[in-house]
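In what follows, a single structure is set out as structure tokens and then discussed.
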Amino acid sequence: MSDENRVILITGASSGIGAATARRLGTEGWRLVLAARSIDKLTALAEELGGPDHAVAVECDVTEWADQQAAVTVALEHFGGLDAAWANAGFGGRRSFLGETVDYWRDMVLTNVYGAALTIRATMPALTESKGHLLLTGSIAGRRAIVGSLYSATKHAVHAMGESVRQELHGTGVRVTVIAPGVVDTPFFDQVPLDDPLLGDDIARAVLYALSQPSHIDVNEILVRPTAQPL
Ligand SMILES: NC(=O)c1ccc[n+]([C@@H]2O[C@H](COP(=O)([O-])OP(=O)(O)OC[C@H]3O[C@@H](n4cnc5c(N)ncnc54)[C@H](OP(=O)(O)O)[C@@H]3O)[C@@H](O)[C@H]2O)c1
């Protein structure tokens, strides 16, 4: 299917993987609804991508149901539909069950798990209407348990939601892809823990691959590590 004028909503689009993928999809003709809390960054990115005919910025805290519903409404009212949605917002934390504060934990679980679930819930009706594509950002940390990592548990939950919602959507024509990156050089890390990590655009190309397949192909999961990553 041609990417020209298809519409995607991306959460966590203000930075890192989400912003890099917005740039790549923009050059492929996608129209973009860019969602995150940092409206200033989103507005600058939307301008860079060509302004309102091509990209719109929506202030959205993914843990807020009303914000998620409003982001979908923007897609429907501004661009006339929704062909794809990507629950990508998330963040990590220190690797210890004694690390971080309990409030930090709550925010992380709410963002990574509840926030992704809200994106699924908010976008399912429009995606069913368009026979569209739902993407979730998992992680290598969602495929193998990382020592002392509640973050890893949140990403296992995302992978489980991907499989679970794929089964629920069976028969609707909606496809579901979990994107599972290894180490990517983004502000996710204070200091990137690997020489020669992936770059945001490396993940963007994986997303584009999944989105560009003919309708009989559902790429369920893409796990991409840097060649240099041992585990
Ligand atoms: N970098 C890696 O190595 C790596 C590996 C595997 C998976 N991942 C996953 O990839 C995704 C993107 O991370 P990244 O590496 O691109 O990191 P990043 O540059 O820090 O981007 C994180 C994005 O999530 C958004 N976000 C965080 N909390 C939010 C909230 N409550 N509501 C809305 N947006 C929120 C941030 O925007 P605002 O702060 O503006 O809201 C930002 O746009 C995350 O799910 C992360 O877990 C990253």
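Observations, loosely collected:
- Subset of the stretch 106-135 that is more than 14 Å from the ligand (Cβ to nearest atom) and farther than 19 Å from Ala35 by Cβ - its residue that is most open to solvent (accessible area, probe 1.4 Å): Glu129
Per-residue answers, yes or no, for (1) over 17 Å from the mean Cα position of the chain (by Cα); (2) closer than 12 Å to Ile17 by Cβ; (3) modelled with pLDDT of 95 or more:
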site	(1), (2), (3)
Leu134	no, no, yes
Ser139	no, yes, yes
Ala145	yes, no, yes
Glu163	no, no, yes
Gly173	yes, no, yes
Val178	no, no, yes
Pro187	no, yes, yes
Asp195	yes, no, yes
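- If you go through the stretch 176-197 and keep only what is closer than 20 Å to Thr11 by Cα and within 12 Å of the ligand (Cβ to nearest atom), you end up with Val178, Ile179, Ala180, Pro181, Gly182, Val183, Val184, Asp185, Thr186, Pro187, Phe188, Phe189.
- Hey, Ala84 of a type outside the set (D, E, K, R), more than 16 Å from the ligand (Cβ to nearest atom), surrounded by 24 or more Cβ atoms within 10 Å (Cβ to Cβ) and within 16 Å of Leu211 (Cα to Cα) or not: yes
- The sole residue among Ala35, Ala22 that is closer than 22 Å to Leu211 by Cα, without any contact (Cβ under 8 Å) to a residue 40 or more places away in the chain and within 13 Å of the ligand (Cβ to nearest atom) is Ala22.
- Matching entry among Gly138, Gly148, Gly173 (being within 13 Å of the ligand (Cβ to nearest atom) and either open to solvent by less than 50 Å² (accessible area, probe 1.4 Å) or within 18 Å of Thr11 (Cα to Cα) (or both)): Gly138
- Put simply, of Glu64, Glu47 the only residue that is of a type in the set (D, E, K, R), open to solvent by 50 Å² or more (accessible area, probe 1.4 Å) and either more than 10 Å from the ligand (Cβ to nearest atom) or at pLDDT below 95 (or both) is Glu47.
The values are calculated or read from the model by the stated rules, or taken from the named source; none is laboratory data. In this text the structure is predicted, and so the values were computed from the model without any measurement. Note that we place each Cβ from the backbone using ideal geometry, even for glycine, and neighbour counts take in every protein chain shown. For accessibility, only protein heavy atoms count, side chains too; no ligands or nucleic acids. Shrake-Rupley method; radii C 1.70, N 1.55, O 1.52, S 1.80 Å.
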